[in-house]
Amino acid sequence: PRYRPDWDSLDARPLPAWFDQAKVGVFVHWGVFSVPAWGSEWFWWHWQGEHRSDYQRFVQRRYPPHTTYADFAPRFTAHDFHPREWAQLFQRAGARYVVLTTKHHEGFTNWGSPVSWNWNSLDTGPHRDLVGELGQALRESNIHYGLYHSLLEWFNPLYLADKESGFKTQNFVLKKTMPELYDLVLKYKPDLIWSDGDWEAPDSYWNSTSFLAWLYNDSPVKDTVVVNDRWCNNCSCHHGGYYNCADKYKPGTLPTHKWEMCSSIDKLSWGYRSNMNISELMDEASIIEELVQTVSFGGNYLLNVGPTKEGVIVPIFQERLLALGRWLDTNGEAIYESKPWRVQMENSTDMVWYTSKGPVVYAIFLIWPRDNVLELSSPTPSPATQVTMLGFAGTLKWQESPGKGLLITLPYVLPSPLPPQSGWTVKLEGVK
């Protein structure tokens, strides 16, 4: 069927299956904001939009007088950007898809946008097509490619004029936003479009529904492309493909609609900050905990890193990604292609989470029980029940629990002053 440019029709489109199966993605925030690398990727807005004194002091101390934000662009060099190394890292992290910022709210495009003259990565800064280079490397590694794109631009005169008119005029949309979205789709054929910058104006201003109708009906990716829910000021959690709802969104119960949780290793920023501190970063245990909770609730987990202006993903971020990948090497069977089970977590604790695949149930526990006995009250065992542990050879002994459920005797773990790594999976066959 052809989709009409209205939400009833667009929202009825089935989500391409690859997205729900993928479960794990990496988000990359990279742009001119990576040059000051301070505060966050909203640097320009805090400095020139809100005139915050800490940002003004920062620029006065570190840059020549009369420095403008545009002066940062030539320093966005990407000298050390090796897309194949990135792709290899993301693959080792267990990512099935990667989402790159093609343009943040600053308006600088990471490809040679024909409507962003002199404010793009071909004309200035790297003099490279960053979007194209990463896309090619990811495709060689069989990783799905997503493009983040901001609808608005804080300081674009066309946008400011439309805003001044109460969004009755659409010059910015017709001359900038839409030409760029069509260009990205036709040039790079993305698997996913991660829209943002939607919150100030209605869909009638953005022309989102007509773009999505074209995307689903006539674009080169009409059968495979996935989009999120940030297409207008009241779309979030209501309209679009899958739902983001809000940054770092955590539902308390199982959502009825496919969703994604985006999170960042640097808890205070999405873009790279040169002044970040180890205490402000997520550790391996909290990353795994977020992933497990998200997937149990039927969501995808999109974990962000911010590269430096030279295109380096700093070693501490690499270390976190590789730790996630090692965990997935052992436990990925319970994550990829899984579905939520009838129960998401053990009622007494949020330290045991469930996923399923057909008749198989996976219980992922985040804390190793003191006595080496794991108590699960939700599954109902049968005489045919068999229990194994991912990454461990052989079956595990179990018995029916006096209340209900089962008691599983775990393999003996050698005593150690350090708590063992976070998260293990028991695989339950023949339970209800």
Residue by residue through the range 243-275, note down the ones that are of a type in the set (D, E) and either closer than 20 Å to S338 by Cα or surrounded by 21 or more Cβ atoms within 10 Å (Cβ to Cβ) (or both).
-> E260, D266
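Residue by residue, here is whether (1) at negative phi; (2) part of a loop (DSSP other than H, G, I, E, B); (3) modelled with pLDDT of 95 or more holds:
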residue	(1), (2), (3)
R273	yes, yes, yes
S279	yes, no, yes
T294	yes, no, yes
F317	yes, no, yes
A323	yes, no, yes
D350	yes, yes, no
In the range 91-150, which residue that is of a type in the set (D, E) and assigned to a loop (DSSP other than H, G, I, E, B) is surrounded by the most Cβ atoms within 10 Å (Cβ to Cβ)?
-> E106
Go through the range 166-202 and count every residue that is in contact with an Asp or Glu (Cβ under 6 Å, 6 or more places away or on another chain) and either in contact (Cβ under 8 Å) with a residue 40 or more places away in the chain or among the basic types (K, R) (or both).
-> 0
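In the range 350-366, how many are open to solvent by 40 Å² or more (accessible area, probe 1.4 Å) and either within 11 Å of L428 (Cα to Cα) or without any contact (Cβ under 8 Å) to a residue 24 or more places away in the chain (or both)?
Of the residues in that region, 4 qualify.
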Close pairs (6 angstrom Cβ cut-off, 6 or more residues apart or separate chains): at pLDDT 95 or above in the range 114-137, among the basic types (K, R) and surrounded by fewer than 18 Cβ atoms within 10 Å (Cβ to Cβ) anywhere = A137/R84
Does F155 satisfy the criteria of being at pLDDT 95 or above and buried (at least 20 other Cβ atoms within 10 Å of the Cβ)?
-> no
Residue check, T224 of a type in the set (S, T, N, Q), open to solvent by 10 Å² or more (accessible area, probe 1.4 Å), more than 26 Å from D247 (Cα to Cα) and not in a helix (DSSP H, G or I) | no
Some residue of the range 377-391 being open to solvent by less than 10 Å² (accessible area, probe 1.4 Å) and aliphatic (A, V, I, L, M) | yes
Has the range 198-215 got at least one residue that is at pLDDT 95 or above, within 19 Å of L302 (Cβ to Cβ), in contact with a helix residue (DSSP H, G or I) (Cβ under 9 Å, 6 or more places away or on another chain) and surrounded by 18 or more Cβ atoms within 10 Å (Cβ to Cβ)?
-> yes
In the range 14-29, is there at least one residue being under 24 Å from P190 (Cα atoms), surrounded by fewer than 20 Cβ atoms within 10 Å (Cβ to Cβ), charged (D, E, K, R) and at pLDDT 95 or above?
-> yes
Report yes if some residue within the range 223-231 is more than 20 Å from the chain's Cα centre (by Cα) and of a type in the set (K, R); otherwise report no.
-> no
Would you please list the contacts, defined by Cβ atoms under 7 Å and residues six or more apart or on different chains, that run from a residue in the range 58-74 that is in the same structural domain as W38 (by the TED database) to a residue that is exposed (fewer than 15 other Cβ atoms within 10 Å of the Cβ)?
-> V59/T67
May I ask you to say which residue of S378, S382 is closer than 26 Å to P251 by Cα, assigned to a loop (DSSP other than H, G, I, E, B) and small (G, A, S)?
-> S378
Which number in (1) closer than 19 Å to S422 by Cβ; (2) of a type outside the set (A, V, I, L, M); (3) touching a Gly at 6+ places or on another chain (Cβ under 8 Å) marks the one condition that T349 misses?
-> (3)
Taking the range 308-334, which residues are in contact with a Gly (Cβ under 9 Å, 6 or more places away or on another chain), closer than 21 Å to L268 by Cβ and open to solvent by less than 10 Å² (accessible area, probe 1.4 Å)?
-> I313, F317, L321, L324
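The values are calculated or read from the model by the stated rules, or taken from the named source; none is laboratory data. Predicted, not measured: the structure shown is a model, and the values here were computed from it. With ideal geometry, Cβ positions are generated from the backbone for all residues, glycine too; neighbour counts draw on all protein chains shown. Side chains included, ligands, DNA and RNA excluded: accessible areas come from the protein's heavy atoms. Shrake-Rupley method; radii C 1.70, N 1.55, O 1.52, S 1.80 Å.
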